[in-house]
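The values are calculated or read from the model by the stated rules, or taken from the named source; none is laboratory data. It should be emphasised that the depicted structure is a prediction, and the values quoted were computed from it without experimental measurement. Cβ placement follows ideal geometry from the backbone for every residue including glycine, while neighbour counts extend to all protein chains displayed. The protein model used for the area step is the full one, side chains on, heavy atoms only, and it has no ligands, DNA or RNA in it. Shrake-Rupley method; radii C 1.70, N 1.55, O 1.52, S 1.80 Å.
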Protein chains: 2
Amino acid sequence: MSIKNNNFMRRAIALAKHGMENNAGGPFGAVVVKEGKIISEGFNRVTSKNDPTAHAEIVAIRKACEKLNSFQLTGCTIYTSCEPCPMCLGAIYWARPDKVYYACNRVDAAEIEFDDQFIYNELDVSIENRQIKFDQVLREEALEVFKVWIQKNDKTEY
Amino acid sequence: MSIKNNNFMRRAIALAKHGMENNAGGPFGAVVVKEGKIISEGFNRVTSKNDPTAHAEIVAIRKACEKLNSFQLTGCTIYTSCEPCPMCLGAIYWARPDKVYYACNRVDAAEIEFDDQFIYNELDVSIENRQIKFDQVLREEALEVFKVWIQKNDKTEY
């Protein structure tokens with residue numbers, strides 16, 4: 001962990017503090033770094049933007065991809081002030097950065113009443129036993145679209 | 001499952017087809033329903049918008065929240081043409097709709113090469129053993145922000 005890496009994390013922590021102080025949302029910040037430079041920054045804006053997906057990591061990932069004109073973060077590192085929740089972890093896997101640094105962990109988050117662990121637990125519960133009810137319908141009709149996709153010649157895969 | 005519910009899912013499937021045909025992204029669609037009416041629609045736009053988070057469910061959830069001026073989808077039902085990936089499942093838990101209907105499942109998605117199961121598996125791997133490397137740094141410095149959050153009087157909790 002070099003001084004430079006520490007400074008990227010310190011920027012993520014500063015963004016967490018800034019968002020909190022300005023009532024943007026929860027106390028979380030993140031930056032995306034490529035080739036030794038910050039290319040995007042984000043802080044939680046859930047409550048101020050009425051967007052439950054506006055977590056720091058999602059905000060920073062979307063901005064970085066916009067800047068890079070790419071839906072992939074190859075060669076990038078994400079610094080986030082807290083271990084990503086399942087939503088953000090999923091977003092990270094779809095964006096595929098090279099590496100992630102985090103500061104606080106999910107236990108620390110739970111202690112300030114952001115219960116990511118509850119969602120982690122629900123992911124492991126079979127779909128019929130979750131606290132939000134999930135029902136499957138019309139699978140056959142939806143599969144018809146998948147069949148067309150497989151045969152589509154001009155698709156962009158990811 | 002009433003005819004009306006079927007029609008909401010058919011709309012989600014039609015959106016999947018529409019997005020695919022217009023090269024917006026993968027073949028996935030979703031709608032959010034409140035009080036018997038569709039209040040938002042989404043289809044996958046990952047590759048056309050260079051946004052790895054622009055899955056059908058995330059697009060529909062963001063639009064629904066914007067319309068409702070709320071970061072919660074209380075009283076809403078989500079219809080999605082495919083079982084949500086971990087990112088979208090996380091978003092659903094943060095948005096807290098009453099119920100989710102899905103059509104295809106994660107196995108069907110894997111068969112057309114959208115490997116949500118890989119991400120589900122990674123969520124269960126301990127953080128030090130994941131395929132994307134995660135390292136913890138500066139936890140103590142980040143915890144200082146959490147300590148201020150706990151004592152903050154004017155925060156909006158969620």
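Kindly indicate whether A:V59 is more than 7 Å from chain B (Cβ to nearest Cβ), modelled with pLDDT of 95 or more and open to solvent by 10 Å² or more (accessible area, probe 1.4 Å).
yes
Selection of first residues in region A:144-158 that are within 7 Å of chain B (Cβ to nearest Cβ) and of second residues that are part of a helix (DSSP H, G or I) and small (G, A, S), restricted to Cβ pairs under 7 Å at least 6 apart or on distinct chains, gives the following pairs, ordered by first then second residue: A:V145/B:A16. Within region A:7-29, residues that are at the interface with chain B (Cβ under 9 Å from one of its Cβ atoms) and within 19 Å of A:C88 (Cα to Cα) have Cβ atoms under 7 Å from residues that are of a type in the set (D, E) and open to solvent by 30 Å² or more (accessible area, probe 1.4 Å) in these pairs: A:I13/B:E141, counting only partners at least 6 apart in sequence or on another chain.
When you check B:F71 against the structure, is it within 9 Å of chain A (Cβ to nearest Cβ), at negative phi and surrounded by fewer than 18 Cβ atoms within 10 Å (Cβ to Cβ), yes or no?
No: the conditions fail for B:F71.
Among the conditions (1) closer than 22 Å to A:K4 by Cβ; (2) open to solvent by 10 Å² or more (accessible area, probe 1.4 Å), A:I78 misses just one, which is (2).
Name the residue, out of B:I119, B:I78, B:I92, that is touching a Leu at 6+ places or on another chain (Cβ under 9 Å), of a type in the set (A, V, I, L, M, F, W, C) and closer than 22 Å to B:E35 by Cβ.
Just a single option satisfies the conditions, and that option is B:I92.
A:Q131 fulfils the conditions (1) within 7 Å of another protein chain (Cβ to nearest Cβ); (2) surrounded by fewer than 16 Cβ atoms within 10 Å (Cβ to Cβ) except for a single criterion, (1).
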